1. In the range 94-115, what count of residues is obtained for those that are touching a strand residue (DSSP E or B) at 6+ places or on another chain (Cβ under 7 Å) and buried (at least 18 other Cβ atoms within 10 Å of the Cβ)?
2. When you check L225 against the structure, is it in contact (Cβ under 8 Å) with a residue 60 or more places away in the chain, over 30 Å from Y131 (Cβ atoms) and in contact with a strand residue (DSSP E or B) (Cβ under 9 Å, 6 or more places away or on another chain), yes or no?
3. When you scan the range 71-92, how many residues do you find that are in contact with a Leu (Cβ under 7 Å, 6 or more places away or on another chain), outside any helix (DSSP H, G or I) and under 16 Å from T43 (Cα atoms)?
4. Out of the residues in the range 116-135 that are touching a strand residue (DSSP E or B) at 6+ places or on another chain (Cβ under 8 Å) and free of Cβ contacts under 8 Å to residues at least 40 places away in the same chain, state the one that is farthest from E82 (Cα to Cα).
5. What is the number of the single condition among (1) more than 24 Å from A243 (Cβ to Cβ); (2) surrounded by fewer than 15 Cβ atoms within 10 Å (Cβ to Cβ) that L147 does not meet?
6. Here are the criteria: (1) among the basic types (K, R); (2) in a helix (DSSP H, G or I); (3) touching a helix residue (DSSP H, G or I) at 6+ places or on another chain (Cβ under 8 Å). Tell me which single one R152 does not satisfy.
7. So A66 fits all but one of (1) crowded, with 23+ Cβ neighbours inside 10 Å; (2) free of Cβ contacts under 8 Å to residues at least 40 places away in the same chain; (3) under 17 Å from the mean Cα position of the chain (by Cα); what number is the exception?
8. Any idea which residue in the range 174-195 is farthest from the chain's Cα centre (by Cα), counting only those that are crowded, with 21+ Cβ neighbours inside 10 Å, farther than 17 Å from G13 by Cα and of a type outside the set (F, W, Y)?
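The values are calculated or read from the model by the stated rules, or taken from the named source; none is laboratory data. Computed from a prediction, not measured in an experiment: that's the story for all the values here. No Cβ is skipped: glycine too gets one built from the backbone with ideal geometry, and neighbour counts run over all protein chains shown.
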Amino acid sequence: MDGIGAVLIDIDGVLTVSWEPLPGAVRAMERLRAVGVPLALVTNTTSRTRERIADLLAGAGFPVGAEDILTAPTVTAAHLRERHPGARCLLISSGDVRGDLSGVTLVDQEDADAAVPDVVVLGGAGDAFTYAALDRAFRFVQQGAALVAMHRNLYWRTADGLALDTGAFLLGLERAAGTEAAVTGKPSGTFFAAALTHLGARPEQALMVGDDIESDVLGAQHHGLTGALVKTGKYRAGTLEAAEGSPDHVLDSFADLPALLERLGR
């Protein structure tokens with residue numbers, strides 16, 4: 001197969017904003033399905049399970065199912081099963097993604113206070129990221145708990161504008177505790193490798209489409225994929241200009257993807 005043989009697609013800011021479809025996104029996805037492009041929706045979203053994400057997207061008209069979606073929590077679960085088998089894990093996250101953490105032993109705050117957990121896992125920022133919760137995580141890491149973060153995104157796009165995300169808090173926690181978290185979501189190699197394995201594609205065959213120049217696009221390009229940045233979602237011209245690299249392609253929106261794939265020989 002010449003050209004691009006598989007496509008990885010971010011969700012927030014690319015297909016939807018606050019789960020409302022962006023103009024032309026549903027039609028573009030339908031065109032990809034019509035010509036049989038292998039694709040996976042890859043997201044650092046940590047507020048919903050992949051089943052719930054699939055329901056929301058299907059309800060908005062996107063022709064996708066849960067089997068098409070790879071989330072930071074599912075990759076985190078695989079990481080914990082492999083690197084920390086049987087570990088007692090304290091999850092700090094807004095939204096319920098426990099359904100995607102199969103095979104992981106989760107402890108509540110009361111159990112964690114009684115015995116230091118083996119791993120502190122940070123999911124998505126929100127109301128769960130209180131001072132008390134983050135201070136508890138800081139103390140546990142000081143006492144030997146490993147620190148795992150589902151991603152280190154600094155902010156994300158909502159219907160009301162940009163909002164702080166996990167990375168803004170993770171940076172302080174790492175600095176204070178004198179440690180570095182194992183990050184499992186984009187732009188980690190672990191995440192992109194899982195997505196490529198899911199599609200049966202090699203890096204040079206795959207295109208990553210995202211609105212985050214660092215986590216989505218440059219992260220993918222660093223691991224050998226082609227990157228396409230869309231000017232929707234969290235995209236800002238200043239962020240692009242200040243980035244340490246340049247995207248392979250820049251699109252006005254996801255609606256322009258089918259035309260790009262045609263030019264690239266898919």
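1. Going through the range 94-115 one residue at a time, the tally reaches 4.
2. yes
3. 0
4. Across the range 116-135, the extreme among qualifying residues is A128.
5. Result: L147 fails condition (2) only.
6. Of the numbered conditions (1) among the basic types (K, R); (2) in a helix (DSSP H, G or I); (3) touching a helix residue (DSSP H, G or I) at 6+ places or on another chain (Cβ under 8 Å), the odd one out for R152 is (2).
7. (1)
8. A181
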